[in-house]
Amino acid sequence: MKALVVGGTGPTGPYIVNGLLERGYQVTIFHRGTHEVPEIPAEVEHIHGDPHFRETIDPALAGRTFDVAVVMYGRIRLLAEALVGKIGRFVGVGGVAGYRGYMKPDRLFPAGLPTPTPESSPLVASEEELRFSYLIAMTEQVVLEHHPTAAFFRYPYIYGAYQLVPREWCILRRILDKRPHIILPDGGLTLATHGYAANMAHAVLLAVDKPHASAGQVYNCGDEQTFTLQQIVEVITKAMNHKWEVVSIPSAVAIPSRPYAFQETPHHRLMDLFKIKTELGYTDTVSPEEGLKRTTQWLLDNRPEPGGEVEKRLQDPFDYVGEDRLVATFKDSMQRMAAVPFTIDTNRPHPYAHPKEPGQQRDHRER
């Protein structure tokens with residue numbers, strides 16, 4: 001059995017490649033060759049080329065056939081067209097940002113995605129509405145048109161080794177820089193589905209293991225347990241044996257937190273995993289806490305260069321002077337707001353009757 005993996009060197013790639021090898025496949029990866037990783041065994045064949053254009057895809061795959069293709073990189077809609085007649089089964093990976101309301105919560109009424117969001121929720125339907133999300137949604141349609149038995153997975157944010165935009169680094173560097181506090185938008189209590197790399201690879205490989213159950217299906221995927229941003233910070237902070245103050249600031253002005261909050265509004269982005277759990281039997285192979293610990297250690301062992309490529313992608317300026325001013329201004333405002341007088345009794349009794357003696361009369365509080 002022969003398998004083609006398009007990509008293969010990102011966070012989930014090595015797990016998928018090695019999972020296919022364990023299943024007896026002869027594996028070939030097709031990628032640009034700019035991110036070779038040691039987790040890919042020497043027995044895996046590499047096709048180096050650009051999977052973003054038909055003029056580079058077609059010659060790279062000319063004369064080749066495969067039993068299954070796991071396509072998670074490049075322009076997947078073009079790869080879907082190019083692989084017609086060359087493969088037995090197509091397994092594709094896209095993203096959850098194709099849902100209407102994911103990027104622009106006010107496009108729905110009430111504003112924000114359904115919580116949790118099932119696969120049947122509407123997708124962005126035109127470029128005019130939002131081009132980025134539309135291309136994600138259109139890719140799924142193209143894949144299923146050309147490969148009716150395909151399985152397609154909607155990835156959330158993936159954490160783990162080799163993530164090109166590791167939001168965890170924003171937290172780690174602040175700890176390494178011995179910051180006394182970290183800003184979280186709205187207490188960091190927003191729910192957004194994420195997935196540890198090993199777990200998401202396991203989800204994709206379930207389509208290889210269960211071709212009939214997954215044929216023609218689209219699946220949300222993510223960790224079974226969703227941590228809030230506050231919980232993520234807690235896990236990383238404990239793993240690094242650090243102590244600091246968590247400062248909750250309204251999301252509209254908690255601008256320094258956006259590189260690690262990954263959103264500008266407090267709306268939830270919680271995906272419904274019922275379908276993948278019931279149809280494919282998905283369960284986490286690694287707990288989110290353990291996954292975050294492993295991610296933390298990998299980043300400590302492979303620290304991005306301050307001001308380098310990774311931090312530029314994160315767009316986090318680590319402007320500590322600005323953060324300190326924002327925290328000081330917020331605390332001053334809180335003190336002034338706390339001084340505003342109200343007549344509300346903060347020791348309000350329970351609203352239901354609690355009689356001291358049996359009978360039908362009103363109790364001692366006239367309830």
_Cβ crowding within 10 Å averaged over residues, with 66-74, 311-319 ranked highest first_ = 66-74, 311-319
*Summing Lys, Arg as +1 and Asp, Glu as -1, what charge do residues with Cβ under 14 Å from the Cβ of Glu119 carry, Glu119 excluded?*
+1
*What part of the accessible area of region 46-106, given as a whole %, is carbon or sulfur when the probe is 1.4 angstrom?*
50 percent
*For the chain, what is the calculated [θ] at 222 nm in deg cm²/dmol (nearest 500), taking -39500 (n - 2.57) for each run of four or more DSSP H residues and dividing by its residue count?*
-10000 deg cm²/dmol
*Order the following by accessible area, largest value first: His212, His354, His242. Probe radius 1.4 Å; ligands, DNA and RNA are ignored.*
His212, His354, His242
*Taking only Cα atoms, what is the 0 to 90° angle, nearest 10, from helix 197-209's long axis to the longest principal axis of the chain?*
50 degrees
*asked:* How tilted is helix 229-239 with respect to the longest principal axis of the chain? Cα atoms for both, answer in degrees (0 to 90, nearest 10).
replied: 80 degrees
*Pick the calculated semi-axes √(5λ) of the Cα gyration tensor in Å for this structure from (i) 44, 26, 20; (ii) 30, 28, 19; (iii) 33, 22, 20?*
(i)
*asked:* At 0.36 nm per residue, and after removing the present C-alpha to C-alpha distance, how many nm does the segment from His35 to Ala252 gain when stretched out fully?
replied: 74.4 nm
*So, with +1 on the Cβ of K and R and -1 on the Cβ of D and E, and no other charges, what is the size of the charge dipole of the chain about its Cα centre, to the nearest 20 debye?*
560 debye
*Burial order of peptide ranges 289-295, 104-110, 332-338 (average beta-carbon count within 10 Å, highest first)*: 289-295, 104-110, 332-338
*List the extent of the Cα atoms of region 172-240 along each of their three principal axes, largest first, rounded to whole Å.*
54, 23, 14
*Obtain the nm distance between the two label points defined at Arg365 and Met334 by a simple spin-label model: each point lies 7 Å from its Cα along the Cα-to-C-beta direction.*
3.0 nm
*Give the angle, between 0 and 90 degrees and rounded to the nearest 10, that separates the Cα long axis of helix 288-301 from the longest principal axis of the Cα atoms of the chain.*
70 degrees
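The values are calculated or read from the model by the stated rules, or taken from the named source; none is laboratory data. Since the model is a prediction, treat every value here as computed from it, not as a measurement. Glycine gets a Cβ as well: all are built from the backbone with ideal geometry, and neighbour counts include every protein chain shown. Ligands, DNA and RNA are stripped out before the accessible areas are found, and what is left, the full protein with its side chains, is counted by its heavy atoms. Shrake-Rupley method; radii C 1.70, N 1.55, O 1.52, S 1.80 Å.
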